[in-house]
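Q: Take this structure first; my questions come after.
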Amino acid sequence: MKTTRIIPGLVVDEAMLEAAAAALPAHAPELGPLSWECFTAPANWWMVPDEAGDACKAELVLREDTEATVKVNLWLLPDRRAADGRPAPHSHPWDFRSWILLGGYDEDRYELSDGHVRADLAVAHRSGTVNEIDRALYHEVTGIHEPGRTLSLMVCGPGVRGSWGYLDPDTGRCVPSAPDPGFTDRLRALNPHRTAGG
């Protein structure tokens, strides 16, 4: 099987391309076919840092505009919990569907209703399933079944920037997202292929 190291920490193979290419006609037909050249071009990928500066996932963004975002995610690490190890679930600025193409992951899901938090813990999403998340849901990916081989296709609807945040499951308190002063530096450190004019 053909394998390519795209950048440090990101290796893809033909099975990954086949899974992503097969999903596009069903879930994002407007994008057309996905070629090996597009899938393996370093300039098409972003390594996404977590708070420690480690790459938690790689993203191949295929569409990003006011109406929709479509991207392939290659999962490397689960979401980091709060510094004290307690859950730190987050919401998103858009509703989305994520088709699990290879591997899988586990997540904890939290809903806030009338000041009460309902938790659905250790929800498993395996290859061949779809994970639907609306903007009111808070979640946290707690485990990756096959790090570096878990692949998903994420199709997001229109979003509202700044309309997401974090939930304290113990108190039901929601905290809006705030700019992370170190994020840009961590992003640049993992993506010299993008930030050096690539």
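The values are calculated or read from the model by the stated rules, or taken from the named source; none is laboratory data. Note that the structure is a prediction, hence the values are computed from the model and not measured. Because the Cβ atoms are built from the backbone with ideal geometry, glycine has one as well, and the counts that use them run over all protein chains shown. Accessible surface is based on the protein model in full, side chains and every heavy atom, while ligands, DNA and RNA are left aside. Shrake-Rupley method; radii C 1.70, N 1.55, O 1.52, S 1.80 Å.
Q: Which one, S91, S113, V130, is farthest towards the positive end of the dipole of the stretch 75-158 when Lys and Arg carry +1 and Asp and Glu -1 on their Cβ?
A: Among S91, S113, V130, the one farthest towards the positive end of the dipole of the stretch 75-158 is V130.
Q: Let me ask another. With all protein chains present and a 1.4 Å probe, how do M1, M154 order by accessible area, largest first?
A: These residues rank, largest area first, as M1, M154.
Q: Same structure again: Report the local net charge at P158: Lys and Arg +1, Asp and Glu -1, summed over other residues whose C-beta lies under 10 Å from its C-beta.
A: -3
Q: Let me ask something else about it. Sorting check: for 16-22, 96-102, which peptide has the highest mean count of neighbouring beta carbons within 10 Å, and how do the rest follow?
A: 96-102, 16-22
Q: So which GluC sites (Glu not before Pro) in the stretch 19-75 pass both tests, a DSSP loop state and at most 11 other Cβ atoms within 10 Å of the Cβ?
A: Answer by residue number: E67.
Q: Quick check: net charge around A189, other residues with Cβ under 15 Å of its Cβ, Lys/Arg +1 and Asp/Glu -1?
A: Once all neighbours under 15 Å are counted, the net charge is -2.
Q: Once ligands and nucleic acids are excluded and a 1.4 Å probe is used, how much of V155 is accessible, expressed in Å² to the nearest 10?
A: The value for V155 is about 30 Å².
Q: Another question, then. Explain nothing, just the number: dipole magnitude of the chain about its Cα centre with +1 on each Lys and Arg Cβ and -1 on each Asp and Glu Cβ, in debye rounded to the nearest 20.
A: So the magnitude is around 400 debye.
Q: Let me check against my output: what whole-number percent is the relative contact order of the chain, with C-alpha pairs under 8 Å and at least 6 apart?
A: Across the chain, relative contact order equals 23 percent.
Q: Sticking with this one: Using only the alpha carbon atoms of the chain, find the Kirkwood hydrodynamic radius as the inverse mean reciprocal pair distance, in angstroms to one decimal.
A: Result for the chain, one decimal place: 17.6 Å.
Q: Right, another one. Under a Cβ-only charge scheme (Lys and Arg +1, Asp and Glu -1), can you give me the dipole magnitude of the stretch 97-197 about the Cα centre, in debye to the nearest 20?
A: Once rounded to the nearest 20, the dipole reads 520 debye.
Q: Would you be so kind as to identify which of N73, L151, G9 lies farthest towards the positive end of the dipole of the chain, taking Lys and Arg as +1 and Asp and Glu as -1 on Cβ and the Cα centre as origin?
A: With unit charges placed on the Cβ atoms, the residue in question is G9.
Q: Given a cut-off of under 8 Å on Cα pairs at least six residues apart, what relative contact order in percent is computed for the stretch 124-178?
A: Computed value for the stretch 124-178: 23 percent relative contact order.
Q: Excluding L101 itself, what net charge comes from residues whose Cβ is under 11 Å from its Cβ, given Lys and Arg +1 and Asp and Glu -1?
A: +1
Q: FRET efficiency for E18 and A178, Cβ-Cβ distance as r, R0 = 30 Å, nearest 0.05?
A: In this case the efficiency is close to 0.15.
Q: Could I ask something else about it? Along the Cα-to-C-beta direction of R81, a point sits 7 Å from the Cα; which residues of the stretch 130-152 have their amide N less than 15 Å from that point?
A: 139-144
Q: Oh, and also: Where does helix 14-27 land angle-wise versus the long Cα axis of the chain, in degrees 0 to 90, nearest 10?
A: Approximately 70 degrees, to the nearest 10.
Q: Still on this structure, please answer the following. Using the alpha-carbon centroid of each, what span in Å lies between the stretch 128-198 and the stretch 38-98?
A: Centre-to-centre distance over Cα atoms comes out at 5 Å.
Q: By accessible area of protein heavy atoms, probe 1.4 Å, what ranking do R109, R5, R81 get, highest first?
A: Output order, biggest surface exposure first: R5, R81, R109.
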